[in-house]
Amino acid sequence: MQILIRGLLILLGSYLLNPMAVGATEPSARLMHEADPALTRFVKTVVDTNPRVQAARAALDASTAFKSASSRSLYNPELILDAENSGTNTRSVGLSQTIDWGGKRLARTAVAESDRLAVEAEYLAVRWAVTTELLSGLTGHHIGLTRNQLAEERARLMNEFAMLAKRRFDAGDLNQVELDLATLASTDARMKKATAAADLAEARQAVREITSGSTPSQWPMMPDKSPELPNSALDPQQILLALPAVRVAQRRVDSARAVVELRKREKRPDPTISFIGGREANDTLIGLNLSIPLYIRNRYTDEVKVAIAEQSQSQQLADDVLRRAHARLISATERYQLSEGAWRDWEQTGSVSLKRQTEQLRRLWEAGEISTTDYLVQLRQTLDVQSSALDLRQTLWRAWFEWISASGQVDAWLGGEEAS
């Protein structure tokens with residue numbers, strides 16, 4: 001695996017060192033735009049009380065207890081009592097102790113410790129997954145609110161347009177076709193308003209599935225300013241090997257390697273020593289016994305072969321996880337850069353006041369400088385552009401959440417410490 005890691009890290013390093021390709025910070029540094037403190041507090045409270053996170057925490061506690069149990073002695077001493085009534089009365093008492101001659105306890109402890117570290121990384125992965133799911137849900141709710149407001153504005157504008165068209169039709173300024181077109185536009189706007197309200201309810205459901213005991217009015221809004229990728233280069237070895245998924249896979253390799261060692265040590269027989277003392281009639285009895293299992297019929301070599309094969313399997317899976325983590329980071333960076341660039345273009349050139357644009361179109365229509373059809377087409381286009389901007393905004397945030405997850409910067413962006 002080390003050869004694969006070095007190869008991928010060289011490739012990733014050349015990519016990360018290009019400031020136009022990706023930005024990041026050292027683990028001790030902060031992202032250029034951290035989340036709002038209110039958002040951070042809300043997310044931390046919700047994630048800490050989430051059942052999935054608590055279940056992962058319970059699994060971590062269990063693995064810690066199992067590691068402690070594995071570090072205990074493998075064999076307990078045995079008390080031997082013997083009494084015989086015959087021609088000669090015999091009474092004896094003794095102790096028997098099996099000795100861990102092959103060092104099995106240390107091998108078992110190594111296996112348990114590797115498993116504990118894997119569960120610890122899984123716990124962090126669950127926290128990050130719940131965090132990004134919650135952030136994505138809050139973004140959907142935020143965008144849904146704005147989209148619902150836009151749909152209400154669309155319905156209001158189209159309703160006013162239909163009313164004005166009816167008055168102009170009554171005055172003889174519009175024909176029946178143009179009046180029907182205005183009526184259909186108003187009806188379509190009301191349907192879009194209902195659809196936006198349903199989408200908002202669905203977005204709220206996504207947040208409610210994670211939170212409990214909070215109302216939409218208590219949910220924080222996402223920042224207006226889009227985050228920026230950091231400018232300083234990130235050590236590619238740190239960014240990949242610190243990811244929970246990669247850590248879990250590597251710990252599984254360590255655990256499999258420790259199991260191989262355990263199986264090898266289990267091939268070594270453990271002797272049992274017994275010390276017995278007592279009396280037989282008037283004579284004092286003192287005995288010392290030594291018993292050693294003879295691994296003749298079963299030498300336990302197949303168990304070692306199985307462990308070696310499982311180690312190879314876990315190694316291949318770890319290599320695959322590393323490849324996927326590398327690809328995910330590159331892809332997440334590219335998607336966010338594309339989304340951020342498109343959003344900046346919108347802010348600079350496309351973000352025109354909806355109210356100002358619609359008022360200008362209305363004046364032109366009422367002055368007869370544009371036809372009813374042209375007015376309706378341009379008004380719809382203006383509203384559709386606003387809706388597309390909301391889609392882009394949601395895409396931007398989702399790309400950001402994917403990037404902070406792929407780069408291991410979830411806690412850094414929220415301004416918190418890594419939960420471990």
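Each value in this text was obtained by applying a stated rule to the coordinates, not by laboratory testing. From a predicted model like this one, the values you see are computed outputs, not experimental measurements. Here the Cβ is made from the backbone with ideal geometry for all residues, glycine too, and neighbour counts use every protein chain on show.
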* To do: Mind scanning Lys104/Lys305; Lys166/Lys192; Lys44/Lys193; Lys67/Lys264 and naming the pairs with a C-alpha gap bigger than 24 Å?
  => Lys44/Lys193
* Structure fact -> Residue by residue through the range 313-324, the couplings from Karplus 6.51 cos²θ - 1.76 cosθ + 1.60 with θ = phi - 60°, in Hz, x for Gly and Pro, are 4, 5, 5, 5, 5, 5, 4, 5, 4, 5, 4, 5
* Structure fact -> Only helices counted: for the chain, with every DSSP H run of 4 or more residues adding -39500 (n - 2.57) and the sum spread over all residues, [θ] at 222 nm is -23000 deg cm²/dmol
* Inter-label distance for Glu334 and Ser371, nm, one decimal - labels placed 7 Å from Cα along Cα-to-Cβ -> 4.6
* To do: Output ³J(HN,Hα) for the range 69-86: one whole-Hz value per residue in order, computed from phi by the Karplus curve 6.51 cos²θ - 1.76 cosθ + 1.60 with θ = phi - 60°, and x for Gly and Pro.
  => 5, 5, 7, 6, 4, 6, 10, 9, x, 10, 8, 10, 10, 9, 9, 9, 10, 8
* Between Arg268 and Leu95, 0.36 nm times their residue separation minus their Cα-Cα distance comes to what? -> 60.0 nm
* Asked: P(r) for the range 2-412: what percent of alpha-carbon pairs falls in each 10 Å bin, starting at zero?
  -> 4, 15, 18, 16, 13, 11, 8, 6, 4, 3, 2, 1, 0, 0
* Asked: Of the residues Leu361, Leu290, Leu241, which exhibits the maximal mean-square fluctuation in a Gaussian network model of the chain defined by a 10 Å Cα contact cut-off?
  -> Leu290
* Asked: Within the chain, what is the longest stretch that has no GluC sites (Glu not before Pro) placed in a DSSP loop and near at most 14 other beta-carbon atoms within 10 Å?
  -> 1-208
* Once you've got the GNM for the chain with C-alpha springs shorter than 10 Å, pick whichever of Gly87, Gly287, Gly172 has the biggest mean-square fluctuation. => Gly87
* Asked: Cα axis of helix 372-406 to longest principal axis of the chain: angle in degrees, 0 to 90, nearest 10?
  -> 20
* Asked: Which value, in debye to the nearest 20, gives the size of the charge dipole of the chain about its Cα centre, when Lys and Arg are +1 and Asp and Glu are -1 at the Cβ?
  -> 660
* Asked: Which of the aspartates and glutamates could a cross-linker span from Lys267 if the Cα-Cα distance has to be under 17 Å and same-chain partners fewer than 8 positions apart are dropped?
  -> Asp100, Asp302, Glu303
* Rg and Dmax of the range 50-175, Cα atoms only, in Å -> 37.9, 135
* Can you run phi through the Karplus equation (6.51, -1.76, 1.60; θ = phi - 60°) for the range 139-156 and list ³J(HN,Hα) in whole Hz, with x for Gly and Pro? -> 5, x, 5, 4, 5, x, 4, 5, 5, 5, 5, 5, 5, 5, 5, 4, 5, 5
* Asked: What longest range of the chain stays clear of loop-exposed trypsin sites (Lys or Arg not before Pro) (DSSP non-H/G/I/E/B, at most 16 other C-beta within 10 angstrom)?
  -> 73-224
* Asked: What is the chain's relative contact order, in percent, from Cα pairs under 8 angstrom and six or more apart in sequence?
  -> 28
* Asked: What number comes out for the charge environment of Arg279, summing +1 per Lys or Arg and -1 per Asp or Glu over other residues with Cβ under 15 Å away?
  -> -3
* Cα centroid separation, the range 68-105 to the range 301-326 (Å) -> 40
